[in-house]
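**Q** Next up is a structure, given as structure tokens.
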Amino acid sequence: MNIVHISAECYPYAKAGGLGDVVGALPKYLNQSRHQAMVILPYYYNERLRDAEKSLVYEGQAPLGVEPFAFRVYKVDDSKDFDLYVIDIPGRFDRPGIYIDPWSGHAYWDEKERFISYQVAALEWLKIEDFKPDIIHSHDHHTALIPFMMGQAFRFENFRETPSILTIHNGEYQGRYSRDDYDLLPAFNLENIGLLDWDGALNSLAAGIKTAWSVTTVSEGYMEELLEYCHGLEQLLRHEKEKTIGIVNGIDSDVWNPETDQYIGHNYSKKSSKTGKSKNKKILCNEFEVDPKSPVFSFIGRLVREKGADLLPSLIQKCSEEGVDASFIVLGTGDPSLHEVFDKLSDEHFGYFDTRLEYNEQLAHQIYAGSDFLLMPSRVEPCGLNQLYAMRYGTIPVVRKTGGLADTVKDLHEKSGYGIVFDEFSVGDAYRAVERGVELFAEKALFKKKVEKVMSLDYSWRRSTEKYISLYNSLIKS
């Protein structure tokens with residue numbers, strides 16, 4: 001099969017979250033399964049893409065409403081695991097940020113024009129490219145108008161019989177614009193304008209749900225949650241339920257491998273995990289100035305409400321006041337008000353809590369390798385990759401029971417359990433989960449057994465890729 005992924009992110013060239021990790025791994029594993037997968041990405045003028053070796057493969061124009069815009073397509077020559085193409089649209093993507101202006105900290109003002117022009121350009125190029133897709137796979141609202149244009153735009157009628165898939169990585173963000181913005185799209189039969197509309201607005205994600213041949217999301221649990229609540233789209237998803245499926249994300253076990261990871265201080269395997277993690281823990285605790293004798297609980301991710309980051313200060317404060325023998329580390333960026341809170345907290349609890357308010361891929365790997373526990377108190381977690389990375393490195397996940405976290409972490413109290421799961425989003429429930437972690441850490445033999453258990457679990461992309469291939473084949477046959 002020839003499979004085209006169209007996305008706003010793709011690791012390691014442009015990543016803001018889990019979307020980038022998925023699109024950077026799934027095509028690789030599809031190719032290893034003897035299919036031909038490629039990725040189309042905007043050409044952001046970040047350091048990684050600017051420095052990459054590239055070849056110009058196409059130069060042309062496409063319409064954004066009545067006005068044509070120029071674009072170029074480059075092949076990224078140093079992408080090894082799959083063919084990667086970037087679309088350069090001057091005035092739209094020639095900036096370093098993906099969604100956020102790094103200088104102001106605010107979202108770009110022209111999101112609508114950026115991502116609509118990108119989607120139009122991607123299809124414009126594909127319709128003349130020799131690579132004929134058997135499947136076109138879109139990801140999140142930034143590319144959710146692709147299925148609509150494939151099925152409705154006169155300009156792209158040669159894609160009418162090509163199966164389209166939309167994967168929802170996060171249903172909170174939907175690409176809502178004015179209903180009148182339909183005129184930015186290539187011409188289509190206006191009798192079908194209702195396919196773009198939801199609640200009186202042009203809703204990109206809703207249009208994708210209505211028009212894609214199949215709608216997937218990144219875990220079975222998250223799909224069930226979306227059917228109950230999807231920020232206003234739950235009724236639509238229930239109506240389209242027959243074409244929905246949850247497929248849990250995997251991880252790239254070549255990139256996330258403690259035996260070969262060049263980002264960590266000491267490599268180790270399951271057999272050498274005790275000494276390997278101990279050495280990495282010393283490096284980590286020196287970096288963050290916390291006590292290596294205590295169990296280390298870490299948080300890695302965006303400091304936003306969705307991830308439950310606002311619960312952490314109260315949790316750490318309570319643990320300190322109650323004399324819980326633990327250390328806490330936070331790595332991430334997000335809400336500026338939370339930055340201030342964490343800065344103050346690290347001053348007040350020096351030696352007990354420390355933070356790095358930044359995005360740092362190398363340090364993240366060291367945290368996974370050196371921590372004893374990973375905290376994920378998420379309000380919403382479509383799949384979650386951090387808990388999978390943590391387990392690969394022998395770090396026990398402490399998670400709230402939601403979405404993909406509920407699908408991938410089995411509580412210690414269950415038969416063959418290996419993680420710590422709490423139900424309610426509250427400081428009290430999270431505190432009791434930390435206490436359970438401290439108790440487990442004190443039982444050295446049992447703790448070692450659980451570390452080896454999580455390292456033996458297989459959450460690689462191989463299993464998930466097989467499910468996608470089965471879905472692709474079913475759509476082609478239909």
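**Q** Considering every residue within the stretch 276-296, establish whether at least one is within 18 Å of VAL427 (Cβ to Cβ) and touching an Asp or Glu at 6+ places or on another chain (Cβ under 9 Å).
**A** To start, the set of residues in the stretch 276-296 that are within 18 Å of VAL427 (Cβ to Cβ) comprises none.
No.
**Q** Kindly evaluate VAL120 against the criterion of being part of a helix (DSSP H, G or I) and either in contact with a Cys (Cβ under 8 Å, 6 or more places away or on another chain) or modelled with pLDDT of 95 or more (or both).
**A** Here the answer is yes, as VAL120 does meet what is asked.
**Q** Next question. Please verify whether the stretch 209-220 includes one or more residues that are modelled with pLDDT under 95, surrounded by fewer than 22 Cβ atoms within 10 Å (Cβ to Cβ) and either over 24 Å from GLU124 (Cα atoms) or in contact with a Gly (Cβ under 7 Å, 6 or more places away or on another chain) (or both).
**A** Scanning the stretch 209-220, I find at least one residue that is modelled with pLDDT under 95, surrounded by fewer than 22 Cβ atoms within 10 Å (Cβ to Cβ) and either over 24 Å from GLU124 (Cα atoms) or in contact with a Gly (Cβ under 7 Å, 6 or more places away or on another chain) (or both), so the answer is yes.
**Q** Still on this structure: From the residues in the stretch 101-117 that are of a type in the set (Asp, Glu) and outside any loop (DSSP other than H, G, I, E, B), which one is surrounded by the most Cβ atoms within 10 Å (Cβ to Cβ)? Working first, answer last.
**A** Taking the stretch 101-117 first, the residues of a type in the set (Asp, Glu) are 101, 110-111, 113.
If we keep only those that are outside any loop (DSSP other than H, G, I, E, B) as well, we get 111, 113.
Numbers: GLU111: 14, GLU113: 19.
The qualifying residue surrounded by the most Cβ atoms within 10 Å (Cβ to Cβ) is GLU113.
**Q** Same structure again: From LEU385, LEU357, which residue is free of Cβ contacts under 8 Å to residues at least 60 places away in the same chain and over 15 Å from ASP261 (Cβ atoms)?
**A** LEU357 is the lone residue from the list that is free of Cβ contacts under 8 Å to residues at least 60 places away in the same chain and over 15 Å from ASP261 (Cβ atoms).
**Q** Same structure again: For the list (1) surrounded by fewer than 23 Cβ atoms within 10 Å (Cβ to Cβ); (2) at negative phi; (3) not assigned by TED's automatic domain parsing to the domain that holds ASN386, I need the number of the one condition that SER278 fails.
**A** Every listed condition holds for SER278 apart from (3).
**Q** Also: Looking at the stretch 219-268 only, could you name the residues that are charged (D, E, K, R) and assigned to a loop (DSSP other than H, G, I, E, B)?
**A** Once the filter is applied, which keeps residues that are charged (D, E, K, R) and assigned to a loop (DSSP other than H, G, I, E, B), the stretch 219-268 yields GLU240, ASP252, ASP254, GLU259, ASP261.
**Q** On to the next question. Tell me, which residue of the stretch 427-477 that is without any contact (Cβ under 8 Å) to a residue 12 or more places away in the chain and of a type in the set (S, T, N, Q) is nearest to GLN32 (Cα to Cα)?
**A** SER470
**Q** Is the stretch 101-117 home to any residue that is at pLDDT 95 or above, within 20 Å of CYS10 (Cα to Cα) and among the hydroxyl-bearing types (Ser, Thr, Tyr)?
**A** Checked the stretch 101-117: at least one residue is at pLDDT 95 or above, within 20 Å of CYS10 (Cα to Cα) and among the hydroxyl-bearing types (Ser, Thr, Tyr).
**Q** For VAL341, state whether it is modelled with pLDDT of 95 or more and among the β-branched types (Val, Ile, Thr). Explain how you work it out, then say what you get.
**A** Values: modelled with pLDDT of 95 or more: yes; among the β-branched types (Val, Ile, Thr): yes.
When the stated conditions are applied, VAL341 passes them.
**Q** Then there's this: Which residues, counting only those in the stretch 162-208, are among the hydrophobic types (A, V, I, L, M, F, W, C), in a strand (DSSP E or B) and within 29 Å of the chain's Cα centre (by Cα)?
**A** ILE165, LEU166, ILE168, TRP198, ALA201, LEU202
**Q** Only one of PHE154, PHE148, PHE159, PHE131 is more than 17 Å from ILE40 (Cα to Cα), of a type in the set (Phe, Trp, Tyr) and over 25 Å from the mean Cα position of the chain (by Cα). Can you tell me which?
**A** Answer to the selection: PHE154.
**Q** Would you mind finding the one in HIS142, HIS106, HIS137 that is assigned by TED's automatic domain parsing to the domain that holds GLY194, under 15 Å from ALA206 (Cβ atoms) and not small (Gly, Ala, Ser)?
**A** Going through HIS142, HIS106, HIS137 in turn, the sole match is HIS142.
**Q** Select from the stretch 381-396 the residues that are more than 19 Å from ASP21 (Cα to Cα) and either touching a strand residue (DSSP E or B) at 6+ places or on another chain (Cβ under 8 Å) or in a helix (DSSP H, G or I) (or both) and list them in ascending order.
**A** Let us first name the residues in the stretch 381-396 that are more than 19 Å from ASP21 (Cα to Cα), namely 394-396.
Residues satisfying the conditions are THR395, ILE396.
**Q** Output the residue which, of all residues in the stretch 33-69 that are loosely packed, with under 15 Cβ neighbours inside 10 Å and assigned to a helix (DSSP H, G or I), is nearest to the chain's Cα centre (by Cα).
**A** Among those residues, the one meeting the criterion is ARG48.
**Q** Next question. Which condition number does LYS307 fail, the rest of (1) charged (D, E, K, R); (2) closer than 29 Å to TYR29 by Cα; (3) not assigned by TED's automatic domain parsing to the domain that holds VAL454 being met?
**A** Answer for LYS307: the failing condition is (3).
**Q** Anything in the stretch 321-352 that is under 23 Å from HIS106 (Cβ atoms) and of a type in the set (Gly, Ala, Ser)? List them, or say none.
**A** The answer is GLY332, GLY334, SER337.
**Q** What's the number of the only condition in (1) buried (at least 23 other Cβ atoms within 10 Å of the Cβ); (2) under 22 Å from SER314 (Cβ atoms); (3) of a type in the set (Gly, Ala, Ser) that GLY394 fails to meet?
**A** Unmet for GLY394, out of (1) buried (at least 23 other Cβ atoms within 10 Å of the Cβ); (2) under 22 Å from SER314 (Cβ atoms); (3) of a type in the set (Gly, Ala, Ser): (2).
**Q** Ok, one more. Considering only residues that are assigned to a strand (DSSP E or B) and modelled with pLDDT of 95 or more, which ones fall in the stretch 77-100?
**A** Residues satisfying the conditions are ASP83, LEU84, TYR85, VAL86, ILE87, ASP88.
**Q** Got a sec? Which of VAL421, VAL399, VAL341 is out of contact with any Phe, Trp or Tyr (no Cβ under 6 Å at 6 or more places or on another chain), surrounded by fewer than 24 Cβ atoms within 10 Å (Cβ to Cβ) and in a strand (DSSP E or B)?
**A** Answer to the selection: VAL421.
**Q** Only one residue in SER272, SER298 is surrounded by fewer than 16 Cβ atoms within 10 Å (Cβ to Cβ) and closer than 19 Å to TYR389 by Cα. Which one?
**A** Working: SER298 fails: surrounded by fewer than 16 Cβ atoms within 10 Å (Cβ to Cβ).
Just one listed residue meets the conditions, SER272.
**Q** What are the residues in the stretch 348-380 that are closer than 23 Å to ALA406 by Cβ and part of a helix (DSSP H, G or I), if any?
**A** Of everything in the stretch 348-380, just one residue is closer than 23 Å to ALA406 by Cβ and part of a helix (DSSP H, G or I), namely TYR368.
**Q** Sticking with this one: So THR402 fits all but one of (1) more than 25 Å from LYS243 (Cβ to Cβ); (2) within 19 Å of the chain's Cα centre (by Cα); (3) of a type in the set (S, T, N, Q); what number is the exception?
**A** So THR402 meets the others, but not (1).
**Q** Right, next: Determine which single condition ILE316 fails, assuming it passes every other condition in (1) surrounded by fewer than 21 Cβ atoms within 10 Å (Cβ to Cβ); (2) at pLDDT 95 or above; (3) not polar (S, T, N, Q).
**A** Just one mismatch for ILE316, condition (1).
The values are calculated or read from the model by the stated rules, or taken from the named source; none is laboratory data. A quick note: this is a predicted structure, and the numbers were derived from the prediction, not measured. All Cβ positions, even for glycine, are placed from backbone atoms using ideal geometry, and neighbour counts span all protein chains on display.
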